[in-house]
Amino acid sequence: MLRRTFCALIAASAFAAPAYAQEGKTINFGIISTESSSNLKSGWQPVIDDLSRVLGVPVKPFFASDYAGIIEGMRFNKVQVAWYGNKSAIEAVDRANGEVFASVIDKDGNPGYWSVLIVNKDSDLKSVDDVIARGKSLNFGAGDPNSTSGTAVPGYYLWGERRVDPKTLFKTYRASNHETNLMSVINKQVDVAVNNTEALERYRISTGKDANDSVRVLWKSPLIPADPMVWRKDLDPALQAKIRDFFLNYGKGPNAATEQANLKALTYRGFRASDNTQLVPIRQIDLAREKAKIEADGTMSTEDRAKKVAEIDNKLAALAQPVKTN
């Protein structure tokens, strides 16, 4: 469906010159759908406006109903710079000519954030074991398929380690963004849902209320690398340099007080330099999940299973190799 949705974009860009080598073109800044577009726009717009002033070209926010829409937007050059999670950034790097150039720093200076499993404070579910034991009677709020904290990390560390499939475990399985899942748990519309610590903090900033007064965390993941900033690799190098300098210095210059206020609305302290290597841990998680599924597949022949497992082991070994530098 996404392929059909974006077929018109192919025609529009088929004869374009190398992306954004010319001055004065509008840059679209992609924002993944972790919550409603109105909330995301209010948080990101001041930073986007500052970026536009520094670059001297219009910069506009680009929204889609799901993460895949931002990935496809970058693929067809309708998005040139974007804020992603690590899982969606992998898709952008592999399929959309993307490249990580920075990552966020949260308000406490942490190099990342955490995925969580939450229930309403009034729930009699007290542990993950309770959730699994009563799954067939529970309504579950899942994350976007391309979400790091909503799907990839809990899929490995929460469900994979317990050898359960959330799509078959629960009475109902509904994928949504973090904001919707949080509000659904608070309002008792779902019994249990995945979320992350950044979303809980944004709820506090936007409402003035502490989410922990309304929900209880049953499980917390290992640290997830901070959200990456990604640009298309074919952006003009001079423009890339300006974009990188803007983000790495945001909140530090003569307008630091105003910029820090803008960052606070996003639950950030600033940005640090990064590259595609920050995606390696999530790639390893994805491959490990795939390997576990293959090893548990009773319909596959022993020979085919061994072949596919060996292919994954080779990929994991390659990811474990140190990065070569010139």
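The values are calculated or read from the model by the stated rules, or taken from the named source; none is laboratory data. Owing to the predicted nature of the structure, the values given are computational and were not obtained by experimental measurement. Reconstructed Cβ throughout: ideal geometry from the backbone, glycine too, with neighbour counts over all protein chains shown.
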Boolean, ASN212 is part of a loop (DSSP other than H, G, I, E, B), touching a helix residue (DSSP H, G or I) at 6+ places or on another chain (Cβ under 9 Å) and either modelled with pLDDT under 95 or not assigned by TED's automatic domain parsing to the domain that holds ALA273 (or both)
no
Answer yes or no: is there a residue in the range 25-33 that is assigned to a loop (DSSP other than H, G, I, E, B), modelled with pLDDT under 90 and aliphatic (A, V, I, L, M).
no
Please determine, by comparing only the residues of the range 185-222 that are closer than 14 Å to THR148 by Cβ and more than 14 Å from the chain's Cα centre (by Cα), which one is surrounded by the most Cβ atoms within 10 Å (Cβ to Cβ).
SER221
Does LYS307 fit the bill of being at pLDDT 90 or above, out of contact with any His (no Cβ under 9 Å at 6 or more places or on another chain), farther than 24 Å from ALA152 by Cβ and surrounded by fewer than 14 Cβ atoms within 10 Å (Cβ to Cβ)?
yes
Exception for ARG162 within (1) surrounded by fewer than 18 Cβ atoms within 10 Å (Cβ to Cβ); (2) modelled with pLDDT of 95 or more falls at (2)
For the range 166-182 the number of residues that are more than 19 Å from the chain's Cα centre (by Cα) and either buried (at least 19 other Cβ atoms within 10 Å of the Cβ) or not hydrophobic (A, V, I, L, M, F, W, C) (or both) is 7
Identify, from the list ARG269, ARG289, the residue that is farther than 23 Å from ASN97 by Cα, in contact with a strand residue (DSSP E or B) (Cβ under 6 Å, 6 or more places away or on another chain) and in contact (Cβ under 8 Å) with a residue 60 or more places away in the chain.
ARG269
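One line per residue, one yes/no per condition, for (1) touching a helix residue (DSSP H, G or I) at 6+ places or on another chain (Cβ under 6 Å); (2) modelled with pLDDT of 95 or more; (3) farther than 28 Å from THR172 by Cα; (4) among the hydrophobic types (A, V, I, L, M, F, W, C):
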position	(1), (2), (3), (4)
GLN189	no, yes, no, no
ARG202	no, no, no, no
PRO228	yes, yes, yes, no
LEU248	no, yes, yes, yes
GLY251	yes, yes, yes, no
THR258	no, yes, yes, no
ILE282	yes, no, no, yes
Single unsatisfied condition, ASP144 versus (1) surrounded by fewer than 22 Cβ atoms within 10 Å (Cβ to Cβ); (2) at pLDDT below 95; (3) within 18 Å of MET183 (Cβ to Cβ):
(1)
